[in-house]
Structures are given as structure tokens and as C-alpha cells.
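Everything on this sheet refers to the single structure shown next.
The values are calculated or read from the model by the stated rules, or taken from the named source; none is laboratory data. These figures come from a predicted structure and were not determined experimentally. Here the Cβ positions follow ideal geometry from the backbone for every residue, glycine too, while neighbour counts run over all protein chains shown.
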């Protein structure tokens, strides 16, 4: 991959929409919890080449966050499920995250509702989807 996002197998990369208040808050809070070594937060709006590469792999950033870990790509509900399994810190955020996304099948049901909420928030804030 030319952007070498996944070149370090120990790095956890979280690609999110930097103009979405929910995505930004989740990414920052997850990173602050220190749930993975060498976590990299990537604002997709600042990386149009990466967005195109991900789209060519069948992952639409406007439909969900993307997590890259150990060279594997996890999109949307799969990414949220992975992040919930990596969360080790005790606390309300971790408990809620594990409750909502600890099961892959439950995450698959809940995540589309969150993605729809993101689109609504962007519309209300008069922000466009990622090109």
C-alpha cells in the first residue's frame, strides 16, 4: 500500500471522519485510554489518496470507520467489534463499548444506526460527506 499505513504490524490505525463530532470524540477517547500500543489516528479528510485506496478495496469511509491492525482491514461494525475486544481499561466507556460491540452479530445490527446518526449529524452541522 503506497501510504504505508499498515507497514508496522504492531500499529493500530483508526481511520475516521475528522469533521464528525461523534467519530472524533470516539477516536480521541479510545486513543486516550491507551488500548493498543502505537495507535495512530488518521483523519480521512486529510488523506484523500488513502480514502481512494480504501474505496478500491471495497471500504467506503462514509459508511464506517476503518481499523487496520496486524495488516488486516476492519470496516464499520467489524472495526468497532475489534476495538471493543482490545479495550482493557476498566470504566464506563469500556463497559458500554463491550456491551454494544463485544458481539460481532450485535455490532452488525447496531452499527448501521450509528452510521445513519453520523450522516444526520453532518447534515445538521451542514458538513459534507467525505469525497
Practice task
Say whether the condition of being touching a residue at least 12 places away in the same chain (Cβ under 8 Å) and assigned to a strand (DSSP E or B) is met by at least one residue in the stretch 17-39.
Solution key: yes
Exercise for the section: Name, by its number, the condition in (1) under 16 Å from residue 26 (Cα atoms); (2) touching a residue at least 40 places away in the same chain (Cβ under 8 Å) that does not hold for residue 130. Expected result: (1)
Practice task
Report yes if residue 93 is in contact (Cβ under 8 Å) with a residue 24 or more places away in the chain and surrounded by fewer than 14 Cβ atoms within 10 Å (Cβ to Cβ), otherwise no.
Solution key: no
Completion exercise
In the stretch 48-57, anything in a helix (DSSP H, G or I) and surrounded by fewer than 16 Cβ atoms within 10 Å (Cβ to Cβ) is listed as 48, 49, 52, 53, 55, 56
Practice task
Collect the residues in the stretch 63-81 that are surrounded by fewer than 20 Cβ atoms within 10 Å (Cβ to Cβ) and farther than 24 Å from residue 129 by Cβ, keeping them in residue-number order.
Solution key: 70, 71, 72
Problem - Condition check for residue 103: farther than 15 Å from residue 16 by Cα, surrounded by 11 or more Cβ atoms within 10 Å (Cβ to Cβ) and either in contact with a strand residue (DSSP E or B) (Cβ under 8 Å, 6 or more places away or on another chain) or modelled with pLDDT of 85 or more (or both) - result: yes
Exercise for the section: Using the structure shown, decide if residue 60 is closer than 15 Å to residue 112 by Cα, surrounded by fewer than 19 Cβ atoms within 10 Å (Cβ to Cβ) and free of Cβ contacts under 8 Å to residues at least 40 places away in the same chain. Expected result: yes
Exercise for the section: Report yes if residue 36 is within 16 Å of residue 12 (Cα to Cα), at pLDDT below 95 and surrounded by fewer than 18 Cβ atoms within 10 Å (Cβ to Cβ), otherwise no. Expected result: no
Exercise for the section: Kindly establish whether residue 78 is part of a helix (DSSP H, G or I) and closer than 17 Å to residue 13 by Cα. Expected result: yes
